[in-house]
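Have a look at the structure below before the remarks.
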Amino acid sequence: MLHFFMLFILFTSLFSAEVKQYRWANGESYLTFLENHKLPLKTLYYNLDKDDQFLTKEMISGVKYQILSSSDGEIEQLLLPINSKLQIHIYKKNDAYEFEAIPIKSITKKEALTLKITSSLNYSIVKETGSKKLARVLESAFKNSLNFKRDLRSGDKMVMLYEQSYRLGDKFAMPVLKAALIEMKGKKHHIYLNESDDNFYNERGSRVENFLLSAPVKGARISSYFTKRRYHPILKRWKAHLGVDYAARRGTPIHAAGDGKVIYASNAGSYGNLVKIRHSGSYETRYAHMKSFRKGIRRGKRVKKGQIIGYIGTTGRSTGPHLHFELRKNGRAINPLKVVKISSKKLYGKVRKKFLRMRKEYDKNMDYHLKRMTKYKRVPKLTRECYFNNI
Ligand SMILES: [Zn+2]
């Protein structure tokens, strides 16, 4: 593959091939995209295996993608990011188009933001950084433990430590909040990301977020975890698993993970018998490969958390009885185990010790910024030469 990219740098300089960046339009599907660009639907969609076909459904509006065209306007290469880890690469080889899923190359920087709040938290952050995403991650991390609307005053202070990824010179994907401190009415409130389970805890090691959902299968073993990309050692290809698999005997009841409304209960090809439930807060859960639906479970039906909606099976593209469980927020697949109750709310033992050590480091860092009220540095645009060399 590397060899191939080297070739294109040469091309770029010799034949003045052009790389252009676009934004994925709202409502655009991968298939209409292929049609609009006169790309072959058969090789780039219908002949793909089911996993790759699934990936093409993950394109999200607003995502920046790149096209490398030859001087006569023909598409030579395409890069379509489908999540923060994986992208679709379409390229021409011997006059035919090829499809592959490959890792996204990005660089991650540790950044900090220190602020004296002048109006709402959201407004203050966006004004200083220009980033709505930073405001969103901070607000959502404190959502269940603090009431900013009621308690925040002008003059209060905050520090957040986070990691930001950059792809092809631009900010890319959501920033990952590592630790934050908010001083309200002279009192400091902290949260820290615990790396071992990806959840936020306070200074005492108690989880600050509420569990939104309960596990959909009682006492079942998790046979496959959520991942935005993994390398399949046998197929020698990159794949994603955008859900969690619970292995259980055929006929085991499946429960609604939260209160909501059934928006789909029917067969869906490789998903097999599929139920989709819409919950509040733009969350949606999906339950795939069911043997059958519970009587009365159909589109439009309201369900309660814990209510049985169907039974474990192996319909669709499945190798054995299991539930493929997905959680989506605003249409994007996220790790269900981040919001499903699986463990206690407090850290114990070794995990707690490790957490407290990490907390010390973060505290030192945040106190440093708070004392100096470090000015936020906007990162200058990084250069974007030789795109296809540096994906
Ligand atoms: Zn699965």
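The values are calculated or read from the model by the stated rules, or taken from the named source; none is laboratory data. What you see is a predicted model; the values in this text were computed from it and never measured. With ideal geometry, Cβ positions are generated from the backbone for all residues, glycine too; neighbour counts draw on all protein chains shown.
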* Asked: Which members of segment 212-234 meet the condition of being within 15 Å of Tyr287 (Cβ to Cβ), more than 14 Å from the ligand (Cβ to nearest atom) and touching a residue at least 40 places away in the same chain (Cβ under 8 Å)?
  -> Leu213, Ser214, Ala215
* **Lys295 vs. criteria closer than 30 Å to His190 by Cα, more than 16 Å from the ligand (Cβ to nearest atom) and more than 26 Å from the chain's Cα centre (by Cα)** => no
* Taking Lys187 as the residue in question, decide whether it is of a type in the set (Lys, Arg), crowded, with 16+ Cβ neighbours inside 10 Å and more than 30 Å from His322 (Cα to Cα). => no
* Give the residues of segment 103-124 that are assigned to a loop (DSSP other than H, G, I, E, B) and under 15 Å from Leu168 (Cβ atoms), sorted by residue number. => Ile104, Lys105, Ser106
* Which residues, taken from segment 240-273, are surrounded by 19 or more Cβ atoms within 10 Å (Cβ to Cβ), β-branched (Val, Ile, Thr) and in contact with a strand residue (DSSP E or B) (Cβ under 6 Å, 6 or more places away or on another chain)? -> Val244, Ile254, Val262
* Structure fact -> The correct count of residues that are closer than 27 Å to Gly243 by Cα and surrounded by fewer than 18 Cβ atoms within 10 Å (Cβ to Cβ) in segment 64-84 is 2
* Asked: From the list Lys239, Lys228, Lys276, which residue is under 30 Å from Pro103 (Cα atoms) and in contact with a helix residue (DSSP H, G or I) (Cβ under 6 Å, 6 or more places away or on another chain)?
  -> Lys239
* Structure fact -> Among residues of segment 279-292 being of a type in the set (S, T, N, Q) and out of contact with any helix residue (DSSP H, G or I) (no Cβ under 9 Å at 6 or more places or on another chain), the residue nearest to the ligand (Cβ to nearest atom) is Ser292
* Within segment 106-121, is even one residue of a type in the set (Val, Ile, Thr) and buried (at least 20 other Cβ atoms within 10 Å of the Cβ)? -> yes
* Can you tell me how many residues in segment 83-114 are farther than 16 Å from Arg237 by Cβ, assigned by TED's automatic domain parsing to the domain that holds Leu41, over 20 Å from the mean Cα position of the chain (by Cα) and among the hydroxyl-bearing types (Ser, Thr, Tyr)? -> 1
* Asked: Quick one: in segment 235-264, which of the residues that are outside any loop (DSSP other than H, G, I, E, B), touching a residue at least 40 places away in the same chain (Cβ under 8 Å) and under 16 Å from Ser292 (Cβ atoms) is nearest to the ligand (Cβ to nearest atom)?
  -> Ile254
* Structure fact -> If you go through Lys301, Lys350, the only one that is among the charged types (D, E, K, R), out of contact with any helix residue (DSSP H, G or I) (no Cβ under 7 Å at 6 or more places or on another chain), away from the ligand (no atom under 16 Å from the Cβ) and closer than 30 Å to Lys109 by Cα is Lys350
